[in-house]
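*Asks:* Once you've had a glance at the structure underneath, I'll fire off some questions.
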């Protein structure tokens, strides 16, 4: 049996007032991480997305599938999860949804690369909704840099928070 949410979640669930996002969060560092692009992980990822292109299974220099870096989002971080960082920014996680993902490829990512990432809140904008009040869109941009210091990927995550519970 599942129990009711605790702490901030329970308080937020009871609070039906409008909540707004402070636009001063633009520029806030959201942390980062590092990952080694391993040949075996490239093959596993290709199988998981049902891509049997032989280039992902070659011995040397296999390129990573286009959305491969998202696998790192599911690895534990010593600094805590992304949800905790979002809550630290004043977001009401009960009213936040994933609204989109974009990728800008700046270079090739391949087996043997060592990537570091750095995420920052890059934009906050608003749009009037129909049932949930004002919708606030929060864009986070993560830059991936390889071991040579080259930026190889910019990944943008767009979240939306409603200002009040939908009626």
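The values are calculated or read from the model by the stated rules, or taken from the named source; none is laboratory data. Note that the coordinates shown come from a computational prediction; the quantities given were computed from them, not determined experimentally. Backbone-built Cβ (ideal geometry, glycine too); neighbour counts: all protein chains shown.
*Asks:* Please go through segment 45-57 and give me each residue that is loosely packed, with under 15 Cβ neighbours inside 10 Å and either in contact (Cβ under 8 Å) with a residue 24 or more places away in the chain or over 21 Å from the mean Cα position of the chain (by Cα) (or both), ordered by number.
*Replies:* Going through segment 45-57, the residues loosely packed, with under 15 Cβ neighbours inside 10 Å turn out to be 47-55, 57.
Within segment 45-57, 47, 50, 51, 52, 53, 54, 55, 57 qualify.
*Asks:* Of the numbered conditions (1) surrounded by 13 or more Cβ atoms within 10 Å (Cβ to Cβ); (2) assigned to a strand (DSSP E or B), residue 102 fails exactly one; give the number of that condition.
*Replies:* (1)
*Asks:* Sort out which residues of segment 62-86 are modelled with pLDDT under 90 and either part of a loop (DSSP other than H, G, I, E, B) or over 13 Å from the mean Cα position of the chain (by Cα) (or both), and write them in order of number. Before the answer, list the steps.
*Replies:* Here is the first cut: in segment 62-86, the ones modelled with pLDDT under 90 are 70-86.
Listed by number, the residues that qualify are 75, 76, 77, 78, 79, 80, 81.
*Asks:* Considering only segment 108-154, state which residues are in contact (Cβ under 8 Å) with a residue 40 or more places away in the chain and under 16 Å from residue 85 (Cβ atoms).
*Replies:* Here is the first cut: in segment 108-154, the residues in contact (Cβ under 8 Å) with a residue 40 or more places away in the chain are 108-124, 133-134, 136, 138, 140, 142, 144, 150-154.
117, 118, 119, 120, 121, 122, 124, 138, 140, 142, listed by residue number.
Matching residues to (1) over 30 Å from residue 124 (Cα atoms); (2) in contact with a helix residue (DSSP H, G or I) (Cβ under 7 Å, 6 or more places away or on another chain); (3) at pLDDT below 95; (4) assigned to a loop (DSSP other than H, G, I, E, B):
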| site | (1), (2), (3), (4) |
| --- | --- |
| 30 | no, yes, yes, no |
| 33 | no, yes, yes, no |
| 42 | yes, yes, no, no |
| 51 | yes, no, no, yes |
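*Asks:* Taking only segment 125-157 into account, find how many residues are surrounded by fewer than 17 Cβ atoms within 10 Å (Cβ to Cβ) and either at pLDDT 95 or above or under 22 Å from the mean Cα position of the chain (by Cα) (or both).
*Replies:* The qualifying residues number 11.
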